[in-house]
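> The structure's right below; bear with me while I get my questions together.
The values are calculated or read from the model by the stated rules, or taken from the named source; none is laboratory data. Quantities reported herein were computed from a predicted structural model and do not represent experimental measurements. Counting neighbours? That spans all protein chains shown, and the Cβs are built from the backbone with ideal geometry, glycine included. Please note that ligands, DNA and RNA were not included when accessible areas were found on the heavy atoms of the full protein model with its side chains. Shrake-Rupley method; radii C 1.70, N 1.55, O 1.52, S 1.80 Å.
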Amino acid sequence: MMSFDSLLNSYFKKKQNVMNIKLKLFPVLMTLLSGYSVSAQVMTTSSASAENTDTHKTVSLQFLETTDVHGSFFGTDLIKNAPSRGSLSRIYTLVDSLRTEKADRLILLDNGDILQGDPSAYWANYIDTLGTHLVASIMNFMQYDAATIGNHDVETGHAVYDRWASELNCPLLGANVIDTATNKPYFKPYVILEREGVKIAIFGQITDAIPAWLPANIWSGLRFDNMVENAKQWISKIKEEEKPDLIVGLFHSGLKGGIINDSYYENAAYKVANEVEGFDVVFYGHDHSPHSADIVNKWGKHVLLVNPGAHATNVASAVANFTVNQSGKVVSKTLSADLIDATVYPESGCFTKRFKKDLQAAEKFVSTQVASLEVPIDGRAVLFGSSSFVDLIHEMQLAKTGADISLSSPLSTSSVIEAGPLRMRDLFKLYKYENKLYTMHLTGQEVRDELEYSYSKWVNTMKSSKDHLLLLDDHNHLQYFSFNFDSAAGIIYEVDVTKPVGKRVSIRSMADGSPFSLTKMYTVAVNSYRGNGGGELLTRGAGIAQDSLSQRIIKVSTHDLRYYLMQYLLTKKTITPEPLKQWSFVPEKWVTKAASRDSLLIYSSKNMAH
């Protein structure tokens, strides 16, 4: 896959105002020469031209945003047991340098999804629960000024995110996270910061699509309001009561798209910036797509939209320069935004020293042996048919729930687990999310339709043996996320890739040879993301109304799915994973050749670097 630098360079060629310059470690250059800069219009009050500008002063503030860190705290990737590209330990080198120059004129923000994604975060969430939460300690050490909660933070459960929020020195924001008992925000809606007479409002929100992914018990007592309507209400109040000189949005929501229906609008950053009057800068996240742009909204005002991407490889930066008159009034302001490559910075020595014991504890945890693996498990096989990588999940889900059928998808398409000791770190390769395990009621027809929808996003309709098997884009990347590529166990079926969408899946029988019926109600094991409507496989695919899904759930697990995988493997002690071979792509001759070609394309060194 394309490297991040290549991706940015390709994007930036389309922009005339781009400086393609690498940052060095000098504070001034960090501010001035950071990859990509877009400038908003200069906004000046009508009285500015009549004033004596010699009496004015300039206040320059810099905002840095991290988002979707997903546990990338240290310079070591605990899952791969190798150096990591991005980390907060690297970002703190940048922060510390800029703070030496700017003091409190540097404002540090985080945009959520920081509590999940790495074994160190899992360790802090569920095992090391007596002391201050590791993430709170790190954020307090780095002196964040404000943060917004993300969907994967909510996924950790009330006990974890409530503890984390209470231990943070900065406010955790979420204006549209509503306490149903009081009908008021559960987290602070905004925070006001003052710097040298300049008043800044930081307003936080989270995507409203949480109920489409996460079990209701982990966000009990809460609801997630539409971002646009919620922002209209609060920004009007903020402008009237606080009269800020700058309004900053901090949104854990992507730019556009995602789940959009009568209930949810997943990625609403652009929509809020465009439709709600008042924002100067919107920092956003959630979609993991680095982006920096200047838009003119429906009110004719410039708004900067900035997203550094994920895993602490970049930082979003916005610089706001204010002209302040003798009476302390802001008479003009200019804004610019850029993306800073954080991978070029070394780890901060004081950061690594401060959290050395925490890293050692997490390393000990991930090194714990769970079982012995007789043969390798190769995640690169998951796209081309039944694979031991996914089928191990199927086997565990069926054993744990006793369900008739299991549905699961690959959460990695490149991880390889070598034969030998199977350790905790390997379980994060097999299953990287903290999903719960559901048992649901689905008819045979709904199971088939769910699979049809899955394969419609997964494979091409082949017209000849020379066509692609997989749905690939122009860069030979998968067109859709593989975590929505569900396959099934417990049934025997074929997927005919020469047939049109909706007519590919032929279910022959149950796995034990007994008849399969489209009209029969089956018990089905799924993860909580899928069971709540994630990926829309059960809604758009199987045709079940979103608000009816909860009625189909028979049982919800107490612990996360990876915990049950660990328990399953501990009882086995030694395993020899093999594909169940309960399903396949056909016709075999076409598929075999196409799979070989596509495998070479997507696993080329260029694509793997993307």
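> Report the local net charge at residue 483: Lys and Arg +1, Asp and Glu -1, summed over other residues whose C-beta lies under 13 Å from its C-beta.
Computed value for this residue: +1.
> Continuing with the same structure: In percent, what relative contact order does the chain have, based on Cα pairs under 8 Å that are 6 or more apart in sequence?
It comes to 16 percent, rounded to a whole number.
> What's the local net charge at residue 396, with K and R +1, D and E -1, over the other residues with C-beta under 11 Å away?
On the way: positive: 400, 562, 572; negative: 391, 395.
Residues near residue 396 contribute +1 overall.
> Right, next: I'd like the FRET efficiency for residue 141 and residue 414, computed as 1/(1 + (r/R0)^6) with the beta carbon distance as r and R0 of 35 Å, rounded to 0.05.
FRET efficiency, residue 141 to residue 414: 0.60.
> Calculate the dipole size of the chain relative to its Cα centre from +1 charges on Lys and Arg beta carbons and -1 charges on Asp and Glu beta carbons; express the result in debye to the nearest 20. If you can, show how the numbers build up before the last one.
Working: 61 positive and 65 negative charges, 176 e Å.
Here the size comes out at about 840 debye.
> Looking at 226, 189, 270, which one has the Cα that reaches farthest to the positive end of the dipole of segment 185-291 (charges on Cβ: Lys, Arg +1; Asp, Glu -1)?
189
> Take the alpha carbon gyration tensor of segment 280-324, find the square roots of its eigenvalues, order them as a ≥ b ≥ c, and report rounded if a/c is under 1.5; if not, report prolate when a/b exceeds b/c, else oblate.
oblate
> Rank 540, 195 by accessible area, highest first, at a 1.4 Å probe radius?
540, 195
> Right, something else. Roughly how tilted is helix 588-602, in degrees to the nearest 10 and between 0 and 90, from the longest Cα axis of the chain?
It works out to around 20 degrees.
> Output the 0 to 90 degree angle, nearest 10, between the alpha-carbon long axis of helix 227-241 and the longest principal axis computed from the alpha carbons of the chain.
The helix 227-241 is inclined about 20 degrees to the chain.
> Sorting 603, 480 by accessible area (1.4 Å probe), largest first, what list results?
Order by accessible area, largest first: 480, 603.
> Based on the Cβ-Cβ distance from residue 321 to residue 236, what FRET efficiency comes out when R0 is 35 Å, to the nearest 0.05?
Calculated value: 0.85.
> While we're here: Not counting ligands, DNA or RNA, and with a 1.4 Å probe, what is residue 234's accessible surface area in Å² rounded to the nearest 10?
Ignoring ligands and nucleic acids, residue 234 comes out at about 30 Å².
> With each run of n ≥ 4 DSSP H residues scored as -39500 (n - 2.57), what mean residue ellipticity at 222 nm is computed for the chain after dividing by its residue count and rounding to the nearest 500 deg cm²/dmol?
Computed ellipticity for the chain at 222 nm equals -8000 deg cm²/dmol.
> Suppose every Lys and Arg Cβ carries +1 and every Asp and Glu Cβ carries -1, with no other charges. What dipole size does segment 252-320 come out with about its Cα centre, to the nearest 20 debye?
100
> Next question. Compute, for residue 571, the solvent-accessible surface of its heavy atoms (probe 1.4 Å) with the complete set of protein chains present, and express it in square angstrom to the nearest 10.
110
> As I understand it, the dipole of segment 379-489 uses +1 on the Cβ of Lys and Arg and -1 on the Cβ of Asp and Glu, about the Cα centre. Which of 482, 419, 455 lies farthest toward its positive end?
Farthest towards the positive pole: 419.
> Specify which residue in the list 304, 350, 316 is farthest towards the positive end of the charge dipole of segment 263-350, using unit charges on the beta carbon of Lys, Arg (+1) and Asp, Glu (-1), about the Cα centre.
The Cα lying farthest towards the positive end belongs to 304.
> If you don't mind, another one. Placing one identical point scatterer on every Cα of segment 496-610 and ignoring solvent, what is log10 I(q)/I(0) from the Debye formula at q = 0.13, 0.16 Å⁻¹?
Debye output, listed in q order: -0.93, -1.29.
> Same structure, new question: Determine the per residue accessible area of the chain with all protein chains present and a 1.4 angstrom probe, expressed in square angstrom.
Numbers: 24550 Å² over 610 residues.
About 40 Å² of surface per residue is accessible.
> Can I ask one more? Heads up, I need the accessible area for residue 558: 1.4 angstrom probe, whole protein in place, Å², nearest 10.
Accessible area, nearest 10 Å²: 110 Å².
> Would you kindly give the portion of the calculated P(r) for the chain that falls above 34 Å, as a percent of all Cα pairs?
Details: 82972 of 185745 pairs.
Cα-Cα pairs in the chain separated by more than 34 Å: 45 percent.
> Calculate how steeply helix 561-572 sits against the longest principal axis of the alpha-carbon atoms of the chain, using the helix alpha-carbon long axis, and give the answer as 0 to 90 degrees to the nearest 10.
40
> Also: Given the pairs 102/184; 256/555; 188/239; 432/572; 555/581, which are separated by over 25 angstrom at their Cα positions?
Over 25 Å Cα-Cα: 102/184; 256/555; 555/581.
> Further question: Consider a paramagnetic label point 7 Å from the Cα of residue 298 along Cα→Cβ; state which residues of segment 236-251 have an amide N under 17 Å from it.
Only 236 pass the distance filter.
> Please work out the Cα center distance from segment 371-393 to segment 230-257, rounded to the nearest Å.
46
> I'd like the carbon and sulfur percentage of the solvent accessible area for the chain, probe radius 1.4 Å, heavy atoms only, ligands and nucleic acids excluded.
Ligands and nucleic acids excluded, carbon and sulfur give 50 percent.
> Whenever you get a sec, line up 122, 265 from highest to lowest accessible area (probe 1.4 Å, protein heavy atoms). Please list the in-between numbers first.
Details: 122 25, 265 65 Å².
Result, largest first: 265, 122.
> Further question: Using R₀ = 45 Å, calculate the FRET efficiency as 1/(1 + (r/R₀)^6) where r is the Cβ-Cβ separation of residue 479 and residue 558; round to 0.05.
Given R0 = 45 Å and the Cβ-Cβ separation, E is 0.80.
> What percent does the relative contact order of segment 288-433 come to when contacts are Cα pairs within less than 8 Å and at least six residues apart?
Over segment 288-433, the number comes to 18 percent.
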